[in-house]
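Structure first, then comments.
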Amino acid sequence: MRISNPIRLGVVGAVIASCSFLFAMSAGASTSASPANITQFQQKLEQQLAFRVNQLKVLSTDVTKATPPLSTGDASTLAARLAAATANINGLITQVQSDTTMAELRAAQKTMIQGNRVFAVLTPQVFEVIEADSVAAQAATLQSGEAALLAEIDTLQGQPGYANALKHDSAYVAQVNLAAADSAHVSTVVIAQLPQNFPGDTHVFVNANHQLLTADIALARANYDASVIGLASGGYSGS
């Protein structure tokens, strides 16, 4: 069983980038609303809207092509949120193109950021739920093999590797259970986050990253324990 790929990094960077953009745009908005300033602000906003459209396409593809597939509930929830955000951003693109005042553009900017949180919430949410579901699927596969692994150990009774195999079987079960528990907790908590929760939910995504790393390490250790049990059939009694 393969170990899941490392958790995609950049979540914190995405949050910082989003906040930096909000600061930059706000600073720009404080300047006098001359026609040139309005045009410049409008062009920046259109560019940032385009960035979000592209990001939403990437996230939508990630959800539909995740391997292993996401759970039905997670896939449905994420797909619906991404579709809603995409519709909102596309609507803003049309609106901004016809806006003629700074007040209109500022309102569109606020909706773009606070109403969707494409980078600060949706992006880490998709990444972490995909990883959590992947870990959960791998843990379930390993759990399904526990009985066969124990039966293999039973055949070693009286042989030099039996005690060592039994010890690693206990470790195997503990590590698989840890991975399953961590991934289940992450998926539930992360998918519950909404745009309006930001920035109060930043710690949720950070903690989820830590838990997924722990789960990945647990899977690696479980696979190692399984390999040692396999070696025990040949008399191996090391650790």
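Laid out as a table, the results:
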{"read-out": "Formal net charge of residues neighbouring residue 167 (Cβ-Cβ distance under 14 Å; K, R +1; D, E -1)", "value": "-1"}
{"read-out": "Mean Cβ neighbour count within 10 Å, used as a protection proxy, ranking 214-221, 99-106 highest first", "value": "214-221, 99-106"}
{"read-out": "Charge tally in the Cβ shell below 15 Å around residue 156, where Lys, Arg are +1 and Asp, Glu are -1, residue 156 excluded", "value": "-3"}
{"read-out": "Gain upon complete extension [residue 43, residue 227; 0.36 nm per residue less C-alpha separation]", "value": "60.4 nm"}
{"read-out": "Segment 44-141, Cα convex hull volume normalised per residue, Å³", "value": "75 Å³"}
{"read-out": "Cα-based reach from residue 65 at 30 Å (exclusive), listing lysines while leaving out same-chain residues under 8 positions away", "value": "57"}
{"read-out": "Residue-wise HN-Hα coupling along segment 181-186, computed from phi with Karplus coefficients 6.51, -1.76, 1.60 (Hz; x: Gly, Pro)", "value": "5, 5, 5, 5, 5, 4"}
{"read-out": "Quotient of C-alpha Rg and 2.2 N^0.38 Å, computed over segment 161-239", "value": "1.52"}
{"read-out": "Three-way shape call for segment 115-169 based on the alpha-carbon gyration tensor, with the a/c threshold at 1.5", "value": "prolate"}
{"read-out": "Percent carbon-and-sulfur accessible area, segment 134-205, ignoring ligands, DNA and RNA, probe 1.4 Å", "value": "63 percent"}
{"read-out": "With DNA, RNA and ligands ignored, accessible area of residue 65 (1.4 Å probe; Å², nearest 10)", "value": "150 Å²"}
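The values are calculated or read from the model by the stated rules, or taken from the named source; none is laboratory data. As the structure is a prediction and not an experimental result, all values here were calculated from the model. Cβ atoms come from the backbone with ideal geometry, glycine included; neighbour counts cover every protein chain shown. Surface areas here come from the heavy atoms of the whole protein model, side chains and all, with no ligands, DNA or RNA. Shrake-Rupley method; radii C 1.70, N 1.55, O 1.52, S 1.80 Å.
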